[in-house]
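The values are calculated or read from the model by the stated rules, or taken from the named source; none is laboratory data. These numbers were taken from a predicted model, which means no experiment stands behind them. In this analysis, Cβ positions are derived from the backbone assuming ideal geometry, glycine residues included, and neighbour counts consider all displayed protein chains.
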């Protein structure tokens, strides 16, 4: 019980929330006890590896494509513009054993530049694309 030393003896505006917390905890325990426990096993159909697929013995060296924050492209540390990048993609698309393209983008690089590279790679049906951490 709280006592007021002020001259005004109006009603107190404090709410005692202890009973509300007690009720909430009791309801939580009731819901936890009565919750249905799944006894059925869920069947998951995972893909199986193909034993007939032969991995290449000498995979080609991956290509490092670096994109800086200004949108400049570097093909294995050689500056290249977007037309040159498309020409390189066309050359890779002709190969039977395509190398992986590892894209390294700066954290401050706009996503538009990365999306452009991915769209160009898709245009030439390149599927071996990876992303690496930038060291800038």
Exercise. Before we move on, is residue 50 touching a residue at least 12 places away in the same chain (Cβ under 8 Å) and in a loop (DSSP other than H, G, I, E, B)?
Worked result: no
Seminar exercise, completed: Note: among 115, 108, just one is surrounded by 10 or more Cβ atoms within 10 Å (Cβ to Cβ), in a helix (DSSP H, G or I) and out of contact with any strand residue (DSSP E or B) (no Cβ under 8 Å at 6 or more places or on another chain), namely 115
Exercise. Do we find that residue 97 is modelled with pLDDT under 90 and closer than 27 Å to residue 57 by Cα in this structure?
Worked result: yes
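Residue check: is residue 97 in a loop (DSSP other than H, G, I, E, B) and touching a residue at least 12 places away in the same chain (Cβ under 8 Å)?
Numbers: in a loop (DSSP other than H, G, I, E, B): yes; touching a residue at least 12 places away in the same chain (Cβ under 8 Å): yes.
Judged against the criteria, residue 97 is a match.
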Exercise. Residues in segment 50-62: is at least one touching a strand residue (DSSP E or B) at 6+ places or on another chain (Cβ under 7 Å) and within 30 Å of residue 115 (Cα to Cα)?
Worked result: yes
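Would you confirm, using the coordinates I've provided, whether residue 84 is surrounded by fewer than 15 Cβ atoms within 10 Å (Cβ to Cβ) and in contact (Cβ under 8 Å) with a residue 40 or more places away in the chain? Step through it out loud before you land on a result.
Values: surrounded by fewer than 15 Cβ atoms within 10 Å (Cβ to Cβ): yes; in contact (Cβ under 8 Å) with a residue 40 or more places away in the chain: no.
So residue 84 fails the test.
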For this session: Please specify each residue of segment 119-133 satisfying the condition of being surrounded by 10 or more Cβ atoms within 10 Å (Cβ to Cβ) and under 16 Å from the mean Cα position of the chain (by Cα).
Result: 129, 130, 131, 132
Exercise. If you go through segment 53-76 one residue at a time, do you hit one that is at pLDDT below 90, in contact with a helix residue (DSSP H, G or I) (Cβ under 8 Å, 6 or more places away or on another chain) and either within 30 Å of residue 130 (Cα to Cα) or not in a strand (DSSP E or B) (or both)?
Worked result: yes
